[in-house]
Amino acid sequence: MHTKSPMASPRPRILVTGSNGQVGSELKELLEKEEGFETFFLDRKQLPLEQTMIIQDILGMYEPDIIIHAAAYTAVDKAESEPELADAINHLATEEIAQYCRLYGAKLLAISTDYVFDGHSNEPLTEDTPTAPLNIYGLTKWKGEQAIQKWTPESIIIRTSWVYSAYGNNFVKTMIRLLNEREELSVVHDQIGSPTYARDLAQAIIDIIKANDWHPGMYHYSNEGQLSWYDFAVAIRELIGATCRITPIPTSEYPTPAKRPAYSLLDKSKIKHIFNVRVPFWFDSLTEMIALER
């Protein structure tokens with residue numbers, strides 16, 4: 001099989017899926033400032049992932065050298081009642097993309113999730129920690145990982161957690177709105193991890209591609225530090241100067257259709273060692289994003 005180097009042509013062609021999502025939007029903003037690439041950004045209308053039969057034909061129209069697969073079905077609770085749609089988008093569509101890359105020698109960098117873990121650990125999760133998804137979303141993303149590793153083992157997969165951005169819907173934007181609207185909020189205090197500012201992850205992805213030193217495999221990326229959703233909410237309140245009272249509650253008092261892992265702190269040692277990427281501290285990144293919001 002002929003495999004072309006992602007940097008073989010003068011201007012490598014990069015195709016980003018999920019261009020209206022949080023990571024996709026940040027990638028678009030950052031990549032458009034880069035000189036060395038020809039870039040294509042596909043949203044759900046241009047690349048309807050649930051229509052798996054046409055995915056490879058659509059990709060073929062762009063002939064990408066590198067695909068950054070940032071699109072996903074991410075409505076974690078809704079996935080419990082839409083398992084087939086979640087599987088089509090997160091698993092079967094990902095398999096089609098991986099097969100396209102194998103057939104045409106394109107490089108694949110895909111984004112996965114901490115939800116492939118069951119949350120029973122009490123130490124940071126490495127790439128080798130056994131997976132055991134608790135919910136449909138996590139299961140379909142895990143199946144997507146498996147498909148990539150089957151068809152294109154030379155791919156890079158980056159698992160991330162608690163993603164937020166100035167784009168899209170996320171915990172930070174919801175908290176900003178609620179903290180300004182309400183006098184009191186309850187937030188879960190017994191789910192531990194670290195948030196990921198989508199712009200930091202997007203920059204790390206670009207740095208990996210620009211380094212032109214492709215090391216296949218599984219990697220973890222989130223911002224540095226460890227906190228609960230309650231701690232995160234308190235920090236947001238502090239940064240926006242709200243006076244809303246926040247009460248810490250256990251997960252048992254906030255039932256959701258999908259179970260969440262209680263502990264999903266990702267170990268970033270591997271991505272820092274292999275690619276020398278910058279991993280900012282969570283509070284610094286949150287401060288930066290909130291400054292953009294105001």
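The values are calculated or read from the model by the stated rules, or taken from the named source; none is laboratory data. Quick caveat, the model's predicted, so the values are computed rather than measured. FYI the Cβ positions are ideal-geometry reconstructions off the backbone, even for glycines, and counts take in every protein chain you see. Protein only, heavy atoms only, side chains kept; ligands, DNA and RNA dropped before computing areas. Shrake-Rupley method; radii C 1.70, N 1.55, O 1.52, S 1.80 Å.
Any residue at all in region 211-218 that's modelled with pLDDT under 95 and of a type in the set (Asp, Glu)?
Yes.
Looking at (1) under 27 Å from residue 17 (Cα atoms); (2) in contact with a strand residue (DSSP E or B) (Cβ under 8 Å, 6 or more places away or on another chain); (3) open to solvent by less than 10 Å² (accessible area, probe 1.4 Å), which is the one condition that is false for residue 179?
Tallying (1) under 27 Å from residue 17 (Cα atoms); (2) in contact with a strand residue (DSSP E or B) (Cβ under 8 Å, 6 or more places away or on another chain); (3) open to solvent by less than 10 Å² (accessible area, probe 1.4 Å), residue 179 fails exactly one: (1).
Just to confirm my filter: which strands (runs of 3 or more DSSP E) fall fully inside region 30-124 and include at least 1 residues that are out of contact with any Gly (no Cβ under 7 Å at 6 or more places or on another chain) and either among the charged types (D, E, K, R) or without any contact (Cβ under 8 Å) to a residue 40 or more places away in the chain (or both)? Can you show your working first?
Details: elements: 38-42, 66-69, 107-113.
It comes to 38-42, 107-113.
State all residues of region 93-116 that are within 15 Å of the chain's Cα centre (by Cα) and either among the hydrophobic types (A, V, I, L, M, F, W, C) or surrounded by fewer than 18 Cβ atoms within 10 Å (Cβ to Cβ) (or both); if no residue qualifies, say none. Break it down stepwise before answering.
First, pick out the residues of region 93-116 that are within 15 Å of the chain's Cα centre (by Cα): 94, 108-116.
Passing the criteria: 108, 109, 110, 111, 116.
Name the single residue that is nearest to residue 188 (Cα to Cα) among those in region 211-232 being hydrophobic (A, V, I, L, M, F, W, C) and in contact with a Phe, Trp or Tyr (Cβ under 8 Å, 6 or more places away or on another chain). Even if it seems obvious, please write down each step before you answer.
Kept after step one, since they are hydrophobic (A, V, I, L, M, F, W, C), are these residues of region 211-232: 211, 214, 218, 227, 229, 232.
Next cut, in contact with a Phe, Trp or Tyr (Cβ under 8 Å, 6 or more places away or on another chain) only: 211, 227, 229, 232.
Numbers: 211: 40, 227: 11, 229: 6, 232: 10 Å.
Here the answer is 229.
All but one of (1) outside any helix (DSSP H, G or I); (2) touching a strand residue (DSSP E or B) at 6+ places or on another chain (Cβ under 6 Å); (3) closer than 30 Å to residue 193 by Cα hold for residue 24; which doesn't?
Residue 24 satisfies every listed condition except (1).
Which of (1) hydroxyl-bearing (Ser, Thr, Tyr); (2) touching a strand residue (DSSP E or B) at 6+ places or on another chain (Cβ under 9 Å); (3) part of a loop (DSSP other than H, G, I, E, B); (4) surrounded by fewer than 19 Cβ atoms within 10 Å (Cβ to Cβ) is the odd one out, the single condition residue 247 does not satisfy?
Residue 247 satisfies all of (1) hydroxyl-bearing (Ser, Thr, Tyr); (2) touching a strand residue (DSSP E or B) at 6+ places or on another chain (Cβ under 9 Å); (3) part of a loop (DSSP other than H, G, I, E, B); (4) surrounded by fewer than 19 Cβ atoms within 10 Å (Cβ to Cβ) except (3).
Is it true that residue 50 is more than 16 Å from the chain's Cα centre (by Cα), farther than 23 Å from residue 145 by Cα, open to solvent by 50 Å² or more (accessible area, probe 1.4 Å) and among the acidic types (Asp, Glu)?
Values: more than 16 Å from the chain's Cα centre (by Cα): yes; farther than 23 Å from residue 145 by Cα: no; open to solvent by 50 Å² or more (accessible area, probe 1.4 Å): yes; among the acidic types (Asp, Glu): yes.
So residue 50 does not fit the description; no.
If a residue has to be touching a Lys or Arg at 6+ places or on another chain (Cβ under 8 Å) and open to solvent by 60 Å² or more (accessible area, probe 1.4 Å) to count, how many in region 199-230 make the cut?
The number of residues fulfilling the criteria is 2.
I'm checking my understanding of the structure. Among residues of region 67-88 that are of a type in the set (Val, Ile, Thr) and surrounded by fewer than 24 Cβ atoms within 10 Å (Cβ to Cβ), which one is farthest from the chain's Cα centre (by Cα)? Full working, then the answer.
First, pick out the residues of region 67-88 that are of a type in the set (Val, Ile, Thr): 67-68, 74, 76.
Next, from what is left, pick out any that are surrounded by fewer than 24 Cβ atoms within 10 Å (Cβ to Cβ): 74, 76.
Working: 74: 9, 76: 13 Å.
The selected residue is 76.
Taking interchain pairs and intrachain pairs at least six residues apart, which have beta carbon atoms under 7 angstrom, with the first residue in region 167-194 and closer than 13 Å to residue 290 by Cβ and part of a loop (DSSP other than H, G, I, E, B) and the second hydroxyl-bearing (Ser, Thr, Tyr) and open to solvent by less than 40 Å² (accessible area, probe 1.4 Å)?
170/164
Just the residues that are among the polar types (S, T, N, Q) and not in a helix (DSSP H, G or I), please, taken from region 126-143.
Looking only at region 126-143, we keep the residues that are among the polar types (S, T, N, Q), and these are 126, 129, 131, 135, 140.
Hits for region 126-143 are 126, 129, 131, 135.
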